[in-house]
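To start, the structure itself, in structure tokens.
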Amino acid sequence: MPSTHIAPATRKYIKDRRSELRQLAEILGGTGVVRSVDPLSDAVVTKGDAPSEWRLAMNELFFDLDPKAVRAQRNAKPSDLAAISLTLSVGLRGLCLDRGALRDPFVKLAVECVVTGYRKGTDEDYHSAWHLDRDEPRDGRADLVHPAYHVQYGGQRLPALRSLGNHLLLGSPRIAHPPLDGVLAVDFVLTNYFPERWRDLRDDRRYRGLVGDAQDRYWRPYSMASAERWSAGDPAWDGEPVWPQVVNRRQL
Amino acid sequence: MTYLYLDDEITTSLRSYVRRVAPKEGDLTIETVRPSAFAEQIEAAMRGSFDGMILDLRLDKVAGEDGVQADYRAPALAQEIRTRAAEELLDEDGTGDENRGRSEFPIALWSTDMRLRQSYDRDKTSHDLFDLLCVKEHLVSTDPSVPDEEKAPAVAQRLRSLVTGYQTIKALRDETDEGDEQFFRFLGFDAPPDGVDERLYRYVLSEAPPRERPAHEYARFIQREVLESAGPLLDRQTVAARLGVDVAGSDDFGELLGRFDEAAYSGVFHEGWPRWWSDVVEEVAEVLIGASLRPLTAPERVEHLSAATGLDGLVAAEPITADDTTDFWVVCQATNRPLNPRDGFVLETGRRYPWQRDKYVSRYAAENRMLSRRHLRLTVSERERADALFS
């Protein structure tokens, strides 16, 4: 791969992002949290098409609920599942920004999670899915009805369901949520589906460091942009697409 | 190239195995010899002029016509050779570099299937002593379930490759400056390679000064932890899986592989262990077809590759069962068929280096109990998952 024509700062940014996923792989390896850490090690982390842009593609990281955790899902329907597993995929294009930058760090973001339940002795699998997307502006204009970064139930990866029963699948609602990169997406899955493991990992200084750094890079600007909605100043990140539901203070 | 082969029972069938591996006209010679008493045998090994040794596991079963019966087995002899070879590197007897490296050569172990399983398999400490393990009956086998790499032609290639590889190792080792490890040179590179995991190409074999490191430690490490483990280097079957190609059914697979020469591993032992760098394979494929192969199904991959290369003799690989997906990435270690990890289970592979990857078996193999006879085991959590799904 030609490595000329990349600014040193960009190259370092990409190298750091790749190294973080490797560190995450080392931390998670052997803990039994994920089925295999290879998708983290094999994640594609490279430069993007534009200068100072980077790309991440992480395919199908598998998490398995251990039998105890499966049984603990008391409100699951169907309730007699033998095993539950999740796969997490992350694809993004982002900007290689300096520390402390407050701009929107991503150009494109798609985090997909498919949850599958298995029943023993049958071929029937049960699926649900959610995804976090960053809307891309259409015709150069942001869609100002929905938050730019949002979580939605369902997703393109949701396989055709054999029988929906009385369940209705719609596109809405889009719920605003801060962006997730590879590290934060893994943390998100852990907090929501593996709370005990998450607590153990949060005791690990290295893990805390990785998550904290990622939050600094992606959640701080997002929070500032959200907060900006409540002020009248001139923002680095115009918060309107982040939290469009907030009435613009400047217009009140 | 000459290998000295020690066996206490030089039977007709043994001679036929040897002939198959080293035919008369070839460049590889195997001299079969009965083992002498230990001390004599060691001397002969240390001072002989051969390029490698092959040992039968049990050298002590049968006495020769002269009444001499060895009172040792292959691991003991191999261990002594290795120990003395290491000592020669330290030049403790002050004879200088004269004997340095002279008794550093590949040692292969040949035995019958039964004896290997009874004696060798159980003795894990011996596994580090030998560069190649061969089951005699497999050398001449026509059974398709015996892997090709255990049959005579591949074994011959490996024996040759071991000799060349040891020579390369010794040369590179003696050029290595302390503190400036250039392990990438053992991997076939002149300079630190872009895109290869740095933790691999900057690997430091041991704390000992380079000149004191035994060649066989390098050999064992490269074979075990670089070539035979899953990781940045792919074997032929795995390359085929990632290209979506059914090897047996594709007349043009060899041709297609030729387009990936840029990705071919050229480091130590490459002749006997042909491998390809996974990143480069993906890059070459992407340039060929203008898109990433990974998300495509096998039929789609083959269609694109056929169109891009003009090769018609390419057939898409079939999934192991009809329910399995065809965007193959790895190979099922039990069936040797292509697999995507989502349709399989992770194997227990023991201690791992950071550049290594997991190995998998298909759900089909796990469900049909095909693992134990191949000495394969799932990880603990994967066993739980398998039990929950279909025990």
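All of the numbers you see were taken from the coordinates with simple rules; none came from a lab. Computed from a predicted structure; not experimentally measured. So basically every Cβ, Gly included, is an ideal-geometry build from the backbone, and we count neighbours across all protein chains shown.
Quick one: angle between helix B:152-175 and the longest Cα principal axis of chain B, in degrees between 0 and 90, rounded to 10, please.
Approximately 70 degrees, to the nearest 10.
Which angle from 0 to 90°, rounded to the nearest 10, does the C-alpha axis of helix B:12-21 make with the longest principal axis of chain B?
Computed tilt is about 60 degrees.
Can you tell me the length gained on complete extension of the stretch residue B:25 to residue B:79, counting 0.36 nm per residue apart and subtracting the Cα distance?
16.1 nm
Hey, what's the Cα Rg ratio for segment B:22-115 versus the globular rule of thumb, 2.2 N^0.38 Å?
With N residues counted in segment B:22-115, Rg over 2.2 N^0.38 Å equals 1.19.
When DSSP assigns beta bridges and you keep just the ones with both residues in chain B, what percent turn out antiparallel, to the nearest 5?
The answer is about 40 percent antiparallel.
Once every DSSP H run of n ≥ 4 in chain B is given -39500 (n - 2.57) and the sum is divided by its residues, what mean residue ellipticity at 222 nm do you get, rounded to the nearest 500 deg cm²/dmol?
-10000 deg cm²/dmol
State the answer as a single residue: which of B:290, B:280, B:55 lies farthest towards the positive end of the charge dipole of chain B, with beta carbon charges of +1 for Lys and Arg and -1 for Asp and Glu, about the Cα centre.
Result: B:55.
Measure nothing but the geometry: give the 0 to 90° angle between the long axis through the Cα atoms of B:380-390 and the longest principal axis through the Cα atoms of chain B, rounded to 10°.
Orientation of helix B:380-390: about 50 degrees from the principal axis.
Counting Lys and Arg as +1 and Asp and Glu as -1, each charge on the Cβ, what is the dipole of segment A:81-129 about the Cα centre in debye, to the nearest 20?
220
Quote the charge dipole size of the protein assembly as shown about the Cα centre in Debye, to the nearest 20; the model charges only the Cβ of Lys and Arg (+1) and of Asp and Glu (-1).
I would put it at about 2500 debye.
Loop-only GluC sites (Glu not before Pro) in segment B:155-257, please: DSSP not H, G, I, E or B, and at most 12 other Cβ atoms within 10 Å.
B:178, B:207
What size of dipole, in debye to the nearest 20, comes out for segment B:250-391 about its Cα centre when the only charges are +1 on Lys and Arg C-beta atoms and -1 on Asp and Glu C-beta atoms?
The dipole magnitude comes to about 960 debye.
What residues of segment B:199-230 lie in the reach of a label at residue A:26, counting those whose backbone N is under 20 Å from a point 7 Å from the Cα along Cα→Cβ?
B:199-207, B:225-226, B:230
Could you tell me the ratio Rg/Rh of the protein assembly as shown? Both radii from Cα atoms, Rh via Kirkwood.
Rounded to two decimals, Rg over Rh is 1.03.
In segment B:108-236, with Lys and Arg counted as +1 and Asp and Glu as -1 at Cβ, which of these residues, B:172, B:139, B:129, has the Cα nearest the positive end of the dipole, that is, farthest along it?
B:139
Nearest 0.05, what FRET efficiency do residue B:387 and residue B:12 give at R0 = 56 Å with Cβ-Cβ as r?
So the FRET efficiency works out to roughly 0.65.
Against the empirical 2.2 N^0.38 Å scaling, what ratio does the C-alpha Rg of segment B:283-390 come to?
So the Cα radius of gyration is 1.23 times the expected 2.2 N^0.38 Å.
Describe numerically, in nm with one decimal, the distance between label points set 7 Å from Cα along Cα→Cβ at residue B:336 and at residue A:153.
The answer from the label model is 5.0 nm.
When a/c is below 1.5 the answer is rounded, else prolate if a/b is larger than b/c, else oblate, so apply that to segment A:66-138 with a ≥ b ≥ c taken from the square roots of the Cα gyration tensor eigenvalues.
Because a/c hits 1.5 or more and a/b exceeds b/c, segment A:66-138 counts as prolate.
I need the calculated FRET efficiency for the pair residue B:72 and residue B:189, taking r as the beta carbon distance and R₀ as 51 Å, to the nearest 0.05.
0.80
Where the Cα atoms of segment B:267-315 are projected onto their three principal axes, how long is each span, largest first, in whole Å?
The principal-axis extents, from largest down, are 35, 22, 17 Å.
Give me the distance in nm between label points sitting 7 Å out from Cα along the Cα-to-Cβ direction at residue A:236 and residue B:137, one decimal.
That separation, rounded to one decimal, is 7.2 nm.
Using a Förster distance of 22 Å, how high is the FRET efficiency between residue B:309 and residue B:248, based on the Cβ-Cβ distance and rounded to 0.05?
0.70
DSSP loop (so not H, G, I, E, B), at most 13 other Cβ within 10 Å: list which GluC sites (Glu not before Pro) in segment B:1-80 pass both filters.
B:9, B:25, B:65
For chain B, just run the numbers: alpha carbon Rg, then divide by 2.2 N^0.38 Å, N being how many residues it has.
Output field value: 1.07.
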